[in-house]
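Undergrad: Okay, handing you the structure first.
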């Protein structure tokens, strides 16, 4: 028997503007017309609210919204019991968590907006997982009971007992100059807890930049500087969010070598990466994340490096195939009306697939 579908209603907080519209979503909803509160919104509200229980997935509200702020996503109901975190109603939902192992490098791969950074925050202890109960967050005892029998139970227990110190290399290194002031050398001197600054700077080609101010660094230099700051500190959990962005091929390899030099039987190392070649070199095992960006993300079970990369590629191809199918249907439908010259370039692109010529 096929899994029953459940729905996720997403309301974009930046786009939804009830004060600037006529609440078309509520007026056009067939469930609301039947007298049920499927959509609640007034001109005084900051944002609309959609009941995922009452929603029938007709999609009318999505088309009627003048700001394109709404989306309805179907997913199997068996994932409902595996919800790890949800920020609030009608917001992003993360299912499952990657399971790090001491002495090995865990690689995370997936498209943007799929929950990789959220997973890092939870594993670092900076974000408490609410198991989807955003209106009544569970206490840590309930969370540990939820993860009972898995490696994550021991992992979170150690975090609660302050036995694990986590450091995250941020994703957006271009924001570093706003938070860190001074020269590269002075900041590295303050952070050097392992007395390995000289070696790390040589590996990451930072030695000649020590006298330069942080705000004067380029994107690639900021990336190498951020990696160095993390590598020279003492910690039990090292997390690198996209460490190869802004770097050329040679610099990516050096950064990967530096990160792998941190491997220790008592350390956890987690790397989020889009470059599959770098991920292949860096990781000992991989967890893929799939789903709908900004709607929901699902973490797979751990794979070997080769299987993980193959899984990510197959998920990517499947997503592209679905998108192509939707575009193809929309394109064919457009030919029900008289031909327009501005569509001629589309005919050339899609002629082979659609057999028009």
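Undergrad: Reported to two decimal places, what Rg/Rh ratio describes segment 1-102 when computed on Cα atoms with Rh from the Kirkwood expression?
TA: 1.04
Undergrad: Based on the alpha-carbon set only, what is the convex hull volume of segment 103-202 divided per residue, in Å³?
TA: 181 Å³
Undergrad: Moving on to the next point. For the chain, what is the calculated [θ] at 222 nm in deg cm²/dmol (nearest 500), taking -39500 (n - 2.57) for each run of four or more DSSP H residues and dividing by its residue count? Can you show the working numbers first?
TA: Working: 14 runs with 131 residues, N = 357.
Here the helix-only value at 222 nm equals -10500 deg cm²/dmol.
Undergrad: Output the 0 to 90 degree angle, nearest 10, between the alpha-carbon long axis of helix 151-160 and the longest principal axis computed from the alpha carbons of the chain.
TA: Approximately 70 degrees, to the nearest 10.
Undergrad: Calculate, in nm to one decimal, what residue 82 and residue 218 gain on full extension: separation in residues at 0.36 nm each, minus their alpha carbon distance. Mind dumping the intermediate values first?
TA: Values: separation 136, 0.36 × 136 = 48.96 nm, distance 4.17 nm.
Stretched out fully, the residue 82 to residue 218 stretch lengthens by 44.8 nm.
Undergrad: Turning to a different aspect of this structure: Rank-order 260-270, 8-18 by packing density, defined as the average count of other C-beta atoms within 10 Å over each peptide's residues, highest first.
TA: Going by the mean number of other Cβ atoms within 10 Å, highest first, we get 8-18, 260-270.
Undergrad: Do you know the relative contact order of the chain, to the nearest whole percent, from alpha carbon pairs under 8 angstrom that are 6+ apart? Can you show the working numbers first?
TA: Working: 577 pairs, mean separation 66.6, N = 357.
Contact order relative to length: 19 percent.
Undergrad: Another question, if that's okay. By how many degrees, between 0 and 90 and to the nearest 10, does the Cα long axis of helix 219-231 differ from the longest principal axis of the chain?
TA: With both axes taken from Cα atoms, the answer is about 60 degrees.
Undergrad: Then there's this: Would you report the distance distribution of C-alpha pairs in the chain as whole percents per 10 angstrom bin, up to the bin with the largest distance?
TA: 5, 20, 25, 24, 17, 8, 2, 0
Undergrad: Now, a different point. Multiply the residue separation of residue 202 and residue 133 by 0.36 nm, subtract the distance between their alpha-carbon atoms, and state the gained length in nm to one decimal.
TA: Taking 0.36 nm per residue and subtracting the Cα distance, the gain is 20.1 nm.
Undergrad: Most exposed first by the Cβ proxy, i.e. fewest other Cβ within 10 Å, how do 34, 239 rank?
TA: Result, fewest neighbours first: 34, 239.
Undergrad: Given a Förster distance of 35 Å, report the FRET efficiency between residue 250 and residue 158 from their Cβ-Cβ distance, rounded to the nearest 0.05. Write out the running numbers ahead of the final one.
TA: Details: r = 37 Å, r/R0 = 1.06.
That gives a FRET efficiency of 0.40.
Undergrad: For a footprinting-style exposure proxy, rank 49, 140 by other Cβ within 10 Å, fewest first.
TA: Result, fewest neighbours first: 140, 49.
Undergrad: Suppose a student asked you for the relative contact order of segment 32-190, using Cα pairs under 8 Å spaced at least 6 residues apart; what percent would you report?
TA: Once divided by the residue count of segment 32-190, the mean separation gives 14 percent.
Undergrad: Where Rh is the Kirkwood radius over the Cα pairs of segment 174-296, the temperature 4 °C and the viscosity 1.567 mPa s, what D in µm²/s does Stokes-Einstein return?
TA: 85 µm²/s
Undergrad: Connecting C-alpha atoms closer than 10 Å in a GNM of the chain, tell me which of 182, 35, 132 has the biggest fluctuation.
TA: Checking each option, the largest mean-square fluctuation is seen for 35.
Undergrad: Can you put 151, 82 in order, fewest other beta carbons within 10 Å first?
TA: Numbers: 151 12, 82 15.
The order, fewest Cβ neighbours first, is 151, 82.
Undergrad: Give the residues of segment 53-70 whose amide nitrogen is closer than 16 Å to a point set 7 Å from the Cα of residue 36 in the direction of its Cβ.
TA: So the set is 53-61.
Undergrad: Please report the Cα spread of segment 47-106 along all three principal axes, rounded to whole Å, starting with the longest.
TA: 52, 24, 16
Just so you know, all these numbers are worked out from the coordinates, no wet-lab data involved. Here the structure is a predicted model, which is why all the values come from computation and not from measurement. Every residue, glycine as well, gets a Cβ built from its backbone with ideal geometry; the counts of neighbours run over all protein chains shown.
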